[in-house]
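I have placed the structure first, in the form of structure tokens, so that the comments after it can refer back to it.
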Amino acid sequence: MWRALYNGLLILAAPAVLAVLLMKRRCRRGLPQRLGLENGLFGLSRQPDRPNRPDGPLIWVHAVSLGEVVAVTPLVTALHRRHPDHRIIVSTVTETGREAVEQRLAGIAEHRYAPLDFPWVVSRVVARWRPVLYLFVETELWPNLLWRLHANGVPAVLVNGRLSSRSFRRQRIGPVRSFYRSVLRSLTLCLMQSDRDAQRIIALGADRRSVHVTGNVKFDQPVPAAQTEVSFRARLGISEQEQLLLAGSTHAGEEEILVSAYRRLVTDYPATVLMLAPRHIERVDQVARMVQEAGLPVQYRSRLDHIGAGPRVVLLDTRGELARAYREAVVAFVGGTLVPVGGHNLLEPAVWGTPVAFGPHTDHCADIAELLLHAGGGQRIDGVEALVQLLRTWLADRQARAAAGQAAQRVVLENQGALARSLERIDTCLVPASSGGSTDQSTKPALVRPT
């Protein structure tokens, strides 16, 4: 019943979905692949050379966008090392995800745009690729794809799984819960970030025997070396004498608060520079107009040809540089937290030993936020006044700032291990899958907590 209803609604929505994809320029490039046409609409496009064995068994990893690609990169790299005879495809929905795959996983994995979840599309893709294992990140459930993989005997593993409070409330409504149960029962393993996430996915209908708490693989991002790369700082337009305040992955409503706080700070700290990195780069001109209306000079990172001088706002309008730029900051703010988005990756600045500020909306990263707060590596603020007060404290007291940064980095180091635990579970699926076997759900152990 649920499958028929879901596909009926999909068919009704198909014209609108295709119209949206055609209207958005950033979606047109991958449209043939999204429709299951590997070689383009007329068979004329050519895929890049495959870095893996073209005829080897295929592992398919799905990561929606930039954040999920960053999270899963160590996992994909480790899978490549452990199973060099396997070919790996990483699919994404967004263009930023594609760029991240091509930058971070060059020579390790190929990129494809994820197929739309129409049954004829996913059937075509699964039949062509013939994956031996499907991994997907952070509860990105596509029902037709999961049903098709299950019917073909392909193990499907949820990696780094989480369920926000909002999603859980919505999905546990009677009829919706019944639908999700039919989807979740097609999964071989659910590797969840926390006990809370594990209990939530069980409550939605996942088989308890398939659910394991392995931790958050975002903690397993490589910890960088301590030396400073002067040339990169210069490319950002920041001199060695200036202090950088970096606000990453910001949304509308947050930039105004950050700029207001910065205007009040520069009187006492004129050698500070504010850098804004909007979550959606296409908003950068809108942000620039707002900054200029506030009476502050604006520089675009993509147009810098010299190091600036004096109080100013630099707009990070390039892709792939935010995580590295956090290293140059004395204080970081992570967006999606002052507005009800749920928060972005708080660990990106923490891994460099940069103290982290964030707002009250951290549902998507609740456990990490609590760890940073408890350790003193992060501080929660709720508006302009609190932000100004916190920045004044950290800018005035170098020792306090350094202690907060060290505490933030300790949180990263002390919570690593999810990658190894996840790989151990994944290998139990990959070995029988590679030899054409299937995973026996009845022999799976009960819920296991991380050690």
Report task. Determine by what factor the alpha-carbon radius of gyration of segment 158-213 differs from 2.2 N^0.38 Å, reporting the quotient. Result -> 1.00
Query raised in the report: For the chain, what relative contact order do you get, as a whole percent, if you take Cα pairs closer than 8 Å and at least 6 residues apart?
Result: 13 percent
Requested in this report: For every helix of n ≥ 4 consecutive DSSP H residues, a contribution of -39,500 (n - 2.57) applies; sum these over the chain, divide by its total residues, and give [θ] at 222 nm rounded to the nearest 500 deg cm²/dmol.
Outcome: -13000 deg cm²/dmol
Query raised in the report: What's the Kirkwood radius of segment 243-306 in Å, using all Cα pairs?
Result: 12.2 Å
Query raised in the report: Over the C-alpha atoms of segment 75-231, what are the Rg and the largest Cα-to-Cα span, Dmax, in Å?
Result: 17.1, 57
Query raised in the report: Between residue 299 and residues 5 or more places away or on another chain, which pairs have amide H atoms under 5 Å apart, with H built 1.01 Å from N, and which residues are they?
Result: 313, 314, 315
Requested in this report: Could you work out the per residue convex hull volume over the alpha carbons of segment 87-177, in cubic angstrom?
Outcome: 118 Å³
Report summary line: A student applying the Cα gyration tensor rule (rounded when a/c is under 1.5; otherwise prolate if a/b is larger than b/c, oblate if not) would label segment 303-351 prolate
Report task. Just need the relative contact order of segment 352-432 here, percent rounded to a whole number, with Cα pairs under 8 Å and 6+ apart. Result -> 39 percent
**Report entry** Pairwise label distance in nanometres, residue 309 with residue 21, each label 7 Å out on the Cα-Cβ vector
**Finding:** 5.3 nm
Requested in this report: Report the extension gain between residue 286 and residue 393 in nm, rounded to one decimal, defined as 0.36 nm multiplied by the number of residues separating them, less their alpha carbon distance.
Outcome: 35.5 nm
Requested in this report: Assign one of three labels to segment 336-402, namely rounded, prolate or oblate, based on the Cα gyration tensor with a ≥ b ≥ c the square roots of its eigenvalues; rounded applies when a/c is under 1.5, prolate when it is not and a/b is larger than b/c, and oblate otherwise.
Outcome: oblate
Report summary line: Residue by residue through segment 411-419, the couplings from Karplus 6.51 cos²θ - 1.76 cosθ + 1.60 with θ = phi - 60°, in Hz, x for Gly and Pro, are 4, 5, 5, 6, 10, 6, x, 4, 4
Query - residue 269/residue 319 FRET efficiency (R0 25 Å; Cβ-Cβ; nearest 0.05) - result: 0.25
Query raised in the report: Using a 1.4 Å probe, what is the accessible area per residue for the chain, in Å²?
Result: 44 Å²
Requested in this report: Could you pull out every residue, at least 5 positions away or on a different chain, whose amide H is within less than 5 Å of the one on residue 139? Hs are placed 1.01 Å off N in the peptide plane, and Pro or chain starts have none.
Outcome: 159, 162
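At a 1.4 Å probe, what is the % contribution of carbon and sulfur to the accessible area of the chain?
The value for the chain is 53 percent carbon and sulfur by accessible area.
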Query raised in the report: Stretch residue 181-residue 196 to full length: gain in nm at 0.36 nm per residue minus the Cα-Cα span?
Result: 3.6 nm
Report task. Determine, from the Cβ-Cβ distance of residue 4 and residue 241 and an R0 of 51 Å, the FRET efficiency 1/(1 + (r/R0)^6), rounded to the nearest 0.05. Result -> 0.15
Report task. Only residues of segment 365-385 count here: report those whose backbone N is under 18 Å from the spot 7 Å along Cα→Cβ of residue 170, or say none. Result -> 365-366
Query - Computed magnitude of the charge dipole of the chain (debye, nearest 20; Cβ of K, R +1, Cβ of D, E -1) - result: 1300 debye
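Rounded to whole Å and sorted largest first, what semi-axes of the equivalent ellipsoid does the C-alpha gyration tensor of the chain yield via the square root of 5 times each eigenvalue?
39, 25, 21
The values are calculated or read from the model by the stated rules, or taken from the named source; none is laboratory data. The shown structure was predicted, so the numbers you read here are calculated from the model rather than taken from an experiment. Backbone-built Cβ (ideal geometry, glycine too); neighbour counts: all protein chains shown. The area values use the complete protein model at the heavy-atom level, side chains included, leaving out ligands, DNA and RNA. Shrake-Rupley method; radii C 1.70, N 1.55, O 1.52, S 1.80 Å.
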